[in-house]
Amino acid sequence: MNSHDSPRADIVLTVNGRQYPVTIDPTRNLLNTLRTEVGLTGTKEGCDDCECGACMVLLDGQPVNSCSYLAVQAEGRAITTIEGVMTGDELHPLQRNLLEEGGVQCGFCTPGMIISATALLARSSTPSDEEIQIGLSGNLCRCTGYAKIIAAVRRTAVELAAELDAP
Ligand code: FES
Ligand code: FES
């Protein structure tokens, strides 16, 4: 089979509120499509086997491993990547607190951690440490030992709750 015979799919992905038309092999995963066709490389490839969480994105607000998700299945759904977490030039509180608590070393796990933590804080505004550990259990970090990451998520939850309580 030559390249002209390869199946192709024309789809439109909605990523961080913008629409991206792409033509891809329909067996291509969302991670690879985001990085190479859409040009958003913040989402990382670690294991490519649904084990490390480095490739985590939100689909309609739910965290998924984009390495194990076909791009064609994401058409028509709202995809949020790490590039969509900031507000303008302002870091998301999770990003700021991860930096301030020392929860970033090599940084390879960080985008996936932030995506999972964002989903966790959307579900539970005052998570216990155990809930944070469970919420991040799909994200592996080889550098930090996790304690500083958990501290950053805890601090973010406290800050966001205080903002909600502010008059
Ligand atoms: S690269 Fe997707 S879970 Fe590891
Ligand atoms: S900071 Fe290096 S893997 Fe988490």
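The values are calculated or read from the model by the stated rules, or taken from the named source; none is laboratory data. This one's a predicted model, so the numbers in the text were calculated from it and none came from an experiment. Glycine also receives a Cβ, built like all others from the backbone with ideal geometry; neighbour counts cover every protein chain displayed.
On the given criteria, is residue 58 within 15 Å of the chain's Cα centre (by Cα) and within 30 Å of residue 28 (Cβ to Cβ)? Criteria met by residue 58. Scanning the stretch 45-64 for residues that are more than 7 Å from ligand 1 (Cβ to nearest atom) and either on the phi > 0 side of the Ramachandran plot or part of a loop (DSSP other than H, G, I, E, B) (or both) gives 60, 61.
A single member of 95, 105, 133 is surrounded by fewer than 16 Cβ atoms within 10 Å (Cβ to Cβ) and in contact with a helix residue (DSSP H, G or I) (Cβ under 8 Å, 6 or more places away or on another chain), and it is 133.
Suppose we keep only residues that are of a type in the set (D, E, K, R) and part of a helix (DSSP H, G or I) within the stretch 122-144. Which one would you say is farthest from ligand 2 (Cβ to nearest atom)? It comes out as 123.
Residues in the stretch 65-90 that are over 15 Å from residue 14 (Cβ atoms) and either in contact with a helix residue (DSSP H, G or I) (Cβ under 8 Å, 6 or more places away or on another chain) or near ligand 1 (Cβ under 9 Å from one of its atoms) (or both): 65, 67, 68, 70, 82, 85, 86. Close Cβ contacts (under 9 Å, 6 or more residues apart or on different chains) running from residues in the stretch 13-39 that are small (Gly, Ala, Ser) to residues that are buried (at least 18 other Cβ atoms within 10 Å of the Cβ) and assigned to a strand (DSSP E or B) comprise 17/80.
In the stretch 67-90, the residue that is modelled with the highest pLDDT out of those that are closer than 23 Å to residue 159 by Cβ and surrounded by fewer than 14 Cβ atoms within 10 Å (Cβ to Cβ) is 90.
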